[in-house]
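The values are calculated or read from the model by the stated rules, or taken from the named source; none is laboratory data. Small disclaimer: the values here were computed from a predicted structure and weren't measured. Quick reminder, even Gly has a Cβ in these numbers, built from the backbone with ideal geometry, and neighbours come from all protein chains shown. Keep in mind that these areas ignore ligands, DNA and RNA; they rest on the heavy atoms of the full protein, side chains included. Shrake-Rupley method; radii C 1.70, N 1.55, O 1.52, S 1.80 Å.
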Amino acid sequence: MPPYAGPPVASRQGEASSTLRLLAYLALGITLIVLDNQGGWLSRLRAQANLVVQPIWALAGLPGRLGASVKDNAASHGQLVEENRELRNQLLVANARLTRLQTAVLDNAQLREMLNVSEREGLDVQLAPILDIDLDPVKERLVLDAGSRAGVHVGQAVIDAGGLMGQVVAVTPGHSTVLLLTDPDHAVPVTVARNGVRLIAYGRGDRMELRDIPLSAGVEVGDEIVTSGLGGRFPAGFPVGRILKLRPDDTHAFLVGDLEPAAKLDRGRNVLLLRSVPSVPHLPVTVGVEPPAASASTGSATPAAGAANGTAPATQPPTRQAPAQPTPAQQAPAAKGTTPATQPPARNGAAPAPTTDAEAQPPANPEPRR
């Protein structure tokens, strides 16, 4: 043996066992592959293992899901709050526009009613906007945005689509004041539309009142009251109100009626001013036969006188009168001492008295005219 050769190296026991274990694992793996290929046992085993491990996976991923959910919820809440704020602002703007449109619709309807009234009645009116109202509980007055520069004058009647509202009592260059019908200082002559009874309507602050109604006037609850036109301040025929209730006064000799105004005194934004009072149309007068004059001084015969003479008056169309012929007495010579009988001229242009049949007949032998 050479001197450099060492003692023989013995094989380690661990390495042999490791090799055998490796070979066993390989054989086991090949066996499992063959069995899985033929019967699918490993697939079923894997499915069962997944069922057993699934709760563990869910529990392991729970913190991550909770964090993501909290983050999403926080982002969604902030976004929803912002969207809610924007939608609320849009809703407020939309409601304001809707309210404005509704007000415009009401104003348009009121203006249409006023226009229809002015066109239907043929009135010369002027539109005036309401600027302010009198806050005094005792006074019922309006301030209009129209004055003397716009042609408004004191005493001008004010109406709306319902009826009469009042009259102008004060005018400045830019504004005018209207005294309403319900003002305690206001009174208007009226008439009952059903039977024509003339009355006076007085203001009572929030309503109107009819006083001194005769018990025999036949006024009833529900009667329509219109202007009578007396005094020339208000035109005739404009609605004033409707009777709500009748009650006896303190003396029980007359009735007092509560009147509901026909005009909308507490509503609207515009009124109509009457520029000119419409004239009341005159009824046509039928021209008949003029009665004969009955004055004794005119010398004309009356129907009674004709009846006494046995002649009936006959109405004949006017004809041209022939020139007057001289009577035989007038044609007689003056030597006989007779004076021609002539009728005195009628006074005041009256026609001469009618002659009888005997006087109207000509003589038997008239003398020839020369």
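Numbers at a glance
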item	result
Close pairs (6 angstrom Cβ cut-off, 6 or more residues apart or separate chains): touching a residue at least 12 places away in the same chain (Cβ under 8 Å) and more than 13 Å from Arg198 (Cβ to Cβ) in the range 218-244, among the acidic types (Asp, Glu) and not in a strand (DSSP E or B) anywhere	Ile243/Asp223
Check on Glu260, open to solvent by 30 Å² or more (accessible area, probe 1.4 Å), modelled with pLDDT of 90 or more and under 27 Å from Val154 (Cα atoms)	yes
Scope the range 141-153; condition open to solvent by less than 50 Å² (accessible area, probe 1.4 Å), in a loop (DSSP other than H, G, I, E, B) and touching a Ser or Thr at 6+ places or on another chain (Cβ under 9 Å); matching residues	Ala146, Gly147, Val152
Of all residues making up the range 196-210, the number that are in contact (Cβ under 8 Å) with a residue 24 or more places away in the chain and open to solvent by less than 70 Å² (accessible area, probe 1.4 Å)	7
Tally of residues being at negative phi and exposed (fewer than 13 other Cβ atoms within 10 Å of the Cβ) across the range 221-243	1
Some residue of the range 148-159 being out of contact with any Lys or Arg (no Cβ under 7 Å at 6 or more places or on another chain), closer than 19 Å to Lys264 by Cβ and of a type in the set (Ser, Thr, Tyr)	no
Matching residues in the range 170-184 - criterion: being of a type in the set (A, V, I, L, M), more than 17 Å from Glu224 (Cα to Cα) and either assigned to a loop (DSSP other than H, G, I, E, B) or more than 25 Å from the chain's Cα centre (by Cα) (or both)	Ala170, Val171
Where Gln156 falls short, out of the listed (1) farther than 24 Å from Pro173 by Cα; (2) surrounded by 14 or more Cβ atoms within 10 Å (Cβ to Cβ); (3) polar (S, T, N, Q)	(1)
Candidates Ala109, Ala96 - the one that is open to solvent by less than 70 Å² (accessible area, probe 1.4 Å) and closer than 30 Å to Asp206 by Cβ	Ala109
